[in-house]
Amino acid sequence: MTPYSLPPFLTLCCFLGLTILTFRRGLKKKVNVLFGLLCLLGTLLYVDILIIFNVQDPQIALWTSRIDHLLVVYTIPLYIHFFHEYLGLQKRRWLIKAAYGYAFILMWFALTPWCIESMDRHFFGFFGRGGTIYPLVGLGALGAILYSLKLIVDAIGRERSSIQKNRLKYILAGFGLMGLMSGLNSLPL
């Protein structure tokens with residue numbers, strides 16, 4: 001394992017810990033299930049990153065990343081669905097269904113060069129080169145993040161309770177940072 005593997009490894013540990021904690025303690029509420037699924041997909045993404053940073057064979061790196069993208073594309077609708085559920089929003093349910101449909105379509109291209117074309121070797125390990133439709137993955141993720149952040153900002157503005165308002169601010173900071181970090185993975189691809 002290289003020193004460049006330390007940040008993805010620590011992030012993987014955080015996501016894995018949150019996944020385990022959520023699934024062990026809180027599957028009684030739909031919002032907890034959605035949060036656990038987001039953490040699980042984050043765990044898979046960082047397992048992928050750890051593998052591609054440390055393997056020597058570009059084909060193993062390529063197929064690891066392609067297989068991971070079969071599921072990782074579902075972070076797009078899960079992000080939107082989680083915030084609708086957390087904030088108790090009943091409007092725009094069609095958007096959740098459309099986002100799941102979008103991810104389902106993208107999933108069919110995950111194992112093809114249209115999604116991840118090849119792997120490039122860098123000083124830190126391998127990193128994928130996006131295919132023709134990969135910008136659609138990045139745009140979908142960006143759209144989900146910006147939409148979700150707008151929902152939280154709007155909820156903060158409407159909230160009267162200072163305790164709930166502070167809770168929403170922490171969620172804005174945490175999910176905003178998590179979304180930004182995960183979304184930034186799309187740019188190098």
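The values are calculated or read from the model by the stated rules, or taken from the named source; none is laboratory data. Here the structure is a predicted model, which is why all the values come from computation and not from measurement. Positions of Cβ are generated from backbone atoms using ideal geometry, with glycine treated the same way; all protein chains shown enter the neighbour counts. To get the accessible areas, we keep the full protein, side chains included, count just its heavy atoms, and leave off ligands, DNA and RNA. Shrake-Rupley method; radii C 1.70, N 1.55, O 1.52, S 1.80 Å.
Find the residue count for segment 155-166, including only residues that are basic (K, R) and either surrounded by 13 or more Cβ atoms within 10 Å (Cβ to Cβ) or in a helix (DSSP H, G or I) (or both). So the answer is 2. Give segment 4-17 a look and list any residue that's in contact (Cβ under 8 Å) with a residue 24 or more places away in the chain and open to solvent by less than 90 Å² (accessible area, probe 1.4 Å), or say none. Selection gives S5, P8, F9, T11, L12, F15, L16. Of note, L106 satisfies the criterion of being open to solvent by less than 20 Å² (accessible area, probe 1.4 Å), farther than 25 Å from F23 by Cα and not acidic (D, E).
For segment 98-108, a residue qualifies if it is assigned to a helix (DSSP H, G or I) and under 30 Å from N54 (Cβ atoms), and the qualifying residues are A103, L106, M107. Of all the criteria given as (1) surrounded by fewer than 19 Cβ atoms within 10 Å (Cβ to Cβ); (2) in a helix (DSSP H, G or I); (3) more than 17 Å from the chain's Cα centre (by Cα), the one not satisfied by M1 is (2). Number of residues in segment 109-154 that are part of a helix (DSSP H, G or I), among the small types (G, A, S) and open to solvent by 30 Å² or more (accessible area, probe 1.4 Å): the value is 1.
Counting only residues that are among the aliphatic types (A, V, I, L, M) and outside any helix (DSSP H, G or I), which one in segment 27-68 is least open to solvent (accessible area, probe 1.4 Å)? Across segment 27-68, the extreme among qualifying residues is V55.
Checking each residue in segment 51-106 for being among the aliphatic types (A, V, I, L, M), within 14 Å of the chain's Cα centre (by Cα) and farther than 17 Å from G143 by Cβ picks out L70, L71. Criterion first (in a helix (DSSP H, G or I) and out of contact with any Asp or Glu (no Cβ under 9 Å at 6 or more places or on another chain)) does L71 satisfy it? Judged against the criteria, L71 is a match.
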